[in-house]
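Report on one structure; see the data block that follows.
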Amino acid sequence: MANYLTVIHECKDFATWKKAYDEDAPNRAAAGLTEIHLLREHENANLVALMFGGRQVGHAKQFATSPKLAATMMAAGIIGVPRIRVRHGEYRRATAHKYATITVAVRDHETAQHAYAMDAASRKDAGLTDLAVLQLEDDPNNLLILWAVSDVARATAFFDSPALAEHMTQNAGVAGPPERHFWNA
């Protein structure tokens with residue numbers, strides 16, 4: 001399994017944030033982080049999601065908790081508390097214009113994985129291409145699932161379907177409401 005650092009945060013102004021983010025590239029490189037995705041939410045372009053590959057979890061954690069990063073984020077106009085997480089799993093790269101994520105708590109990772117495999121054809125019909133199922137380092141039953149999206153309307157209909165809600169509850173052991181986002185590349 002590979003290691004990833006994921007970040008979701010909101011900024012006051014994307015252009016200001018992006019300038020600070022670009023200037024901080026040497027610090028990310030020094031921490032062994034490689035950018036995989038920089039995404040903006042479909043409905044709120046100031047909500048940003050980042051995914052980095054990380055060679056060493058310790059370096060990623062040190063970077064994520066550094067006062068230097070906190071100061072950079074403050075200067076970049078971050079609103080609220082960023083959600084910075086270390087996750088593990090497998091990621092399959094695919095280029096797309098749109099992506100979707102769901103963050104969900106499950107009762108048991110293995111059961112959830114089995115249930116996830118059961119609805120692969122339905123996801124494909126909904127225009128979703130599986131890219132990753134990543135476990136939170138400190139809680140392997142907290143999952144971040146990532147897809148490339150070919151059609152937001154079809155994907156939304158799939159995510160909102162009563163059949164999927166029932167499947168997630170009964171077969172996947174989802175505990176609580178999932179957090180869903182559509183992202184623009």
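Only the coordinates and a few stated rules stand behind these numbers; no lab work does. Keep in mind that what you see is a predicted model, and the values were worked out from it rather than measured. Glycine also receives a Cβ, built like all others from the backbone with ideal geometry; neighbour counts cover every protein chain displayed.
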Taking region 43-58 and keeping only residues that are out of contact with any strand residue (DSSP E or B) (no Cβ under 8 Å at 6 or more places or on another chain) and crowded, with 16+ Cβ neighbours inside 10 Å, one is left with none
Suppose the filter is within 16 Å of the chain's Cα centre (by Cα) and within 20 Å of residue 176 (Cβ to Cβ); does residue 100 pass it? yes
Among the residues of region 36-56, count how many are under 15 Å from residue 7 (Cβ atoms) and either assigned to a helix (DSSP H, G or I) or out of contact with any Gly (no Cβ under 8 Å at 6 or more places or on another chain) (or both). 13
Those residues of region 166-177 which are touching a residue at least 24 places away in the same chain (Cβ under 8 Å) and closer than 16 Å to residue 122 by Cβ, in sequence order: 167, 168, 171, 172, 174
Can you tell me which residues in region 74-87 are part of a strand (DSSP E or B) and exposed (fewer than 15 other Cβ atoms within 10 Å of the Cβ)? 79, 80, 81, 83
Pick from 95, 103, 111, 129: which is polar (S, T, N, Q) and part of a loop (DSSP other than H, G, I, E, B)? 95
Can you go through 139, 119, 130, 151 and tell me which one is free of Cβ contacts under 8 Å to residues at least 40 places away in the same chain, among the acidic types (Asp, Glu) and buried (at least 16 other Cβ atoms within 10 Å of the Cβ)? 130
